[in-house]
Amino acid sequence: MGQGRGFPAKHWTVLKILVGGMLGMAVAMGIGRFAFTPILPLMQRDLGMTHSVAGWLAGLNYLGYLVGAIVCTITPRILRYPLLGGGALLLSLATTLGMGLTVSPLGWGLLRLLGGIASAVLFIIISAEVAESLARRGYGHWFGALYGGIGLGIVLSGLIVPQLDWIGGWSVAWLGIGGVALLCALAGMTLGRTSDYSPSIVAESPDQAVGLRPILLLASAYFLEGLGYIVTATFLVAIIAATPGLAAFAPYTWVAVGLAAVPSTVLWPYLARRIGNRRALLAAYAVQIAGILVSRQATSVFEVTFAAVTFGGTFLGIVALTMAEGNRRMGKGGRRGAAFLTAAFSVGQMLGPVIAGVLADRQDGFALPLLLAAACVALGCLFIVADRRYPPRPSTAP
């Protein structure tokens with residue numbers, strides 16, 4: 001890729017921008033949003049939290065995510081403010097740490113709501129800034145790796161939460177993972193300062209707005225993906241922890257999710273350049289459906305590992321493919337398109353855990369919620385098939 005001896009300075013600059021963005025994604029999403037999954041069984045064990053309460057807490061987080069995405073969609077001018085990203089980052093850190101400082105369901109709900117808003121704002125800002133910076137330098141094909149930062153945060157939480165639990169239970173787990181998020185944030189900001197670009201978010205003017213029609217079917221499929229995948233994302237560790245003989249293995253399934261997620265954001269876009277965006281998305285959805293169906297009655301280490309790897313290996317790949325496709329279709333309206341797609345996704349995420357949690361308490365298990373989750377993802381495939389705006393041929397990008 002490079003020229004001459006060693007690693008060219010241009011590569012280092014781009015790599016620092018990318019890694020800084022990945023660390024930001026790890027804080028906002030991998031930890032701020034998904035650390036709830038490995039800590040949930042600890043809260044249920046120590047505090048007697050029901051699946052319904054857990055579902056509502058997750059739903060409030062995704063409601064906040066939806067609010068943040070809608071605000072960014074309707075009023076993209078706020079993305080011009082240079083302090084917005086820093087404020088959202090501080091809010092994400094504060095709400096993660098705050099979860100370990102209260103035993104009030106109302107307090108938890110407020111923290112998850114605010115944390116969701118912070119996650120959405122950071123996701124949109126980081127996605128847009130990194131995408132534009134890489135494209136400007138001719139490295140747009142590196143963009144998918146950005147979302148591997150979410151997988152990195154998942155790996156960190158999966159590895160560290162069991163150790164923190166051993167030290168002091170659910171509360172120390174939240175405080176400790178919040179401290180890890182702070183370290184990642186400091187490292188990300190340090191790397192980010194090495195970039196020499198001014199985000200074009202700041203320079204965007206209202207007359208660049210583009211209609212959303214090109215991405216309506218794409219957003220519909222993305223909504224259904226959000227509705228289906230989130231059941232696994234919220235309850236996977238809790239489901240495995242309640243399976244006889246697998247309780248000790250449960251926290252490490254989240255590590256498997258993260259390890260599969262990190263390379264998926266590179267591998268799925270690579271596949272899309274070979275077989276086309278539509279076929280790659282359909283393949284990712286199909287693999288995810290298979291994992292969800294296996295998780296319904298998983299009773300062995302092999303089965304739960306398969307469920308974890310197929311989930312981790314697809315959900316971020318789907319995010320990367322969908323966001324890249326939306327950016328391609330929207331052109332100069334890419335930031336508004338990213339916000340709209342994020343909003344559609346978050347509506348599904350908000351509804352999924354609430355419905356699944358209530359059904360799990362009533363059905364005394366997750367067999368039905370997981371079946372419905374698989375059906376939602378399958379319905380999303382139909383929207384992908386019906387969408388005629390995908391490129392007719394695979395990309396020739398390197």
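Miscellaneous remarks
- Kirkwood Rh and Cα Rg combined as Rg/Rh, region 349-398: 1.26
- Share of alpha-carbon pairs per 5 Å distance bin for region 71-136, given as whole %: 3, 17, 23, 21, 15, 10, 7, 3, 1, 0
- Evaluated over region 275-398, the Cα radius of gyration and Dmax, each in Å: 16.3, 51
- The accessible surface of region 204-324, taken with every protein chain in place and a 1.4 Å probe, is 69 percent carbon and sulfur.
- Cα centroid separation - region 302-339 against region 226-273, whole Å: 15
- A simple charge model with +1 on the Cβ of Lys and Arg, -1 on the Cβ of Asp and Glu and nothing else charged puts the dipole of region 39-154 at about 200 debye relative to its Cα centre.
- R388 paired with V103, simple spin-label distance in nm, labels 7 Å along Cα-to-beta-carbon: 6.1
- FRET efficiency, A283 to R362 (Cβ-Cβ, R0 35 Å, nearest 0.05): 0.50
- When peptides 113-125, 323-335 are ranked by their average number of other Cβ atoms within 10 Å per residue, the highest-first order is 113-125, 323-335.
- Cβ-placed point charges (K, R +1; D, E -1), dipole of region 240-328 about Cα centre in debye, nearest 20: 380
- In Å, descending, principal axis extents of the Cα set of the chain: 55, 46, 43
- Each label was represented as a point 7 Å from its Cα along the Cα-to-Cβ direction; for T299 and R80 these points are 6.2 nm apart.
- Added length on full extension, which subtracts the Cα-Cα distance from 0.36 nm per residue, I275 to A290: 3.3 nm
- When only alpha carbons are used to place a centre, region 91-112 and region 17-55 end up 12 Å from one another.
- Cα point-scatterer Debye curve for region 1-156, base-10 log of I(q)/I(0) at q = 0.08, 0.11, 0.14, 0.20 Å⁻¹: -0.28, -0.49, -0.73, -1.21
- Between helix 82-98 and the chain there is an angle of about 10 degrees, using the helix long axis and the longest principal axis of the Cα atoms.
- Degrees separating the helix 367-386 axis from the principal Cα axis of the chain, which is the longest one: 20
- Computed over protein heavy atoms with a 1.4 Å probe, the accessible surface of region 351-398 works out to 56 Å² per residue.
- Scattering profile of region 23-64 at q = 0.17, 0.33 Å⁻¹ [log10 I(q)/I(0), Debye over alpha-carbon scatterers]: -0.49, -1.09
- Between 0 and 90°, nearest 10: helix 51-74 axis offset from the chain longest Cα axis: 20
- With protein chains left intact and a 1.4 Å probe, residues in region 61-178 average 37 Å² of accessible area per residue.
- Estimated 222 nm signal from helices in the chain, with DSSP H stretches of n ≥ 4 weighted -39500 (n - 2.57), rounded to 500: -26500 deg cm²/dmol
- For the chain, a simple Cβ point-charge model (Lys and Arg +1, Asp and Glu -1, everything else neutral) yields a dipole of about 1360 debye relative to the Cα centre.
- Dipole orientation for region 319-377: of the candidates V354, A338, P369, A338 has the Cα lying most toward the positive pole (charges on Cβ; Lys, Arg +1; Asp, Glu -1).
- Look at the alpha carbon pairs under 8 Å that are at least 6 residues apart: their mean separation over the length of the chain gives a relative contact order of 27 percent.
The values are calculated or read from the model by the stated rules, or taken from the named source; none is laboratory data. Computed from a predicted structure; not experimentally measured. Cβ sites come from the backbone with ideal geometry, for glycine too, and all protein chains shown count toward neighbours. Side chains are part of the model used for accessible areas, which takes the heavy atoms of the whole protein and leaves out ligands, DNA and RNA. Shrake-Rupley method; radii C 1.70, N 1.55, O 1.52, S 1.80 Å.
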